[in-house]
Amino acid sequence: MTGVVESLAIGQVAERTGLSIDTLRWYERQGLIPLVERTATGQRRYPPSVVRFIALVQALRRTGMPVADVRAFVQLGGGQLRHHTERLALLERQQRLIEEQVRQLAADREVVRDKIAVYRDLVAAGLDCEDQPPDDADWRTSIPS
């Protein structure tokens, strides 16, 4: 064990993260990832800590955090204690938004499940799915077999 941390080339990072090379370059230009190291020949090298940070950026973006907020999070970086409170506040706000999204998705899933059940009943009864069931609550039991 040499103690040297092996960094990855941009193609390897793309493969591990599922992001395209172009997206990784865009993230860098937009200030969404910390400064990327370069070799003497100008090739990007990503240490494990940056690869982990890219995974965080992906999660933040997938959950709807605006690019400007991700950039602000990065700019508060460097692991400095004086920035921890602000970074924590950004993450906690995003967590609250994610929890609300989860609640909304669960409610939306129930609406979709209910519609699937209606469609299955209509199909089983030989009715077009565009048919409007009768207004009475017992329409499913009133369909002839």
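The values are calculated or read from the model by the stated rules, or taken from the named source; none is laboratory data. What you see is a predicted model; the values in this text were computed from it and never measured. Note: ideal-geometry Cβ built from the backbone for every residue, glycine included; neighbour counts use all protein chains shown.
So, in segment 78-98, how many residues would count as being in contact with a helix residue (DSSP H, G or I) (Cβ under 7 Å, 6 or more places away or on another chain) and not polar (S, T, N, Q)?
Total satisfying the criteria: 2.
Mind checking whether some residue in segment 95-107 is without any contact (Cβ under 8 Å) to a residue 24 or more places away in the chain and under 23 Å from GLU6 (Cβ atoms)?
First pass over segment 95-107, keeping only residues without any contact (Cβ under 8 Å) to a residue 24 or more places away in the chain: 95-96, 99-100, 102-107.
Then keep just the ones that are under 23 Å from GLU6 (Cβ atoms); that gives none.
Taking every residue of segment 95-107 in turn, none turns out to be without any contact (Cβ under 8 Å) to a residue 24 or more places away in the chain and under 23 Å from GLU6 (Cβ atoms).
Within segment 48-60, restricting attention to residues that are within 15 Å of the chain's Cα centre (by Cα) and either surrounded by 15 or more Cβ atoms within 10 Å (Cβ to Cβ) or not assigned by TED's automatic domain parsing to the domain that holds LEU19 (or both), which residue is farthest from THR17 (Cα to Cα)?
LEU60
Would you tally the residues in segment 82-125 being farther than 30 Å from ALA72 by Cα and surrounded by 12 or more Cβ atoms within 10 Å (Cβ to Cβ)?
Counting residues in segment 82-125 that are farther than 30 Å from ALA72 by Cα and surrounded by 12 or more Cβ atoms within 10 Å (Cβ to Cβ) gives 5.
Look at segment 92-121 and say how many of its residues are within 14 Å of THR63 (Cβ to Cβ) and not hydrophobic (A, V, I, L, M, F, W, C).
Residues flagged as within 14 Å of THR63 (Cβ to Cβ) and not hydrophobic (A, V, I, L, M, F, W, C) within segment 92-121 amount to 10.
Yes/no matrix, rows are residues, columns are (1) in contact with a Leu (Cβ under 8 Å, 6 or more places away or on another chain); (2) farther than 14 Å from VAL74 by Cβ; (3) among the aliphatic types (A, V, I, L, M):
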| residue | (1), (2), (3) |
| --- | --- |
| GLY11 | no, yes, no |
| ARG29 | no, no, no |
| LEU35 | no, no, yes |
| ALA40 | no, yes, yes |
| TYR46 | yes, yes, no |
| VAL51 | yes, yes, yes |
| ILE54 | yes, no, yes |
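Any residue in segment 37-66 that's assigned to a loop (DSSP other than H, G, I, E, B): show its pairings with residues that are among the small types (Gly, Ala, Ser) and surrounded by 12 or more Cβ atoms within 10 Å (Cβ to Cβ) at Cβ separation under 8 Å, as long as the two are six or more apart or on different chains.
Note: pairs meeting the criteria are GLN43/ALA9; PRO47/SER7.
Go through the residues of segment 19-38 one by one and say whether even a single one is over 22 Å from the mean Cα position of the chain (by Cα), at pLDDT below 95, of a type outside the set (Phe, Trp, Tyr) and surrounded by 12 or more Cβ atoms within 10 Å (Cβ to Cβ).
yes
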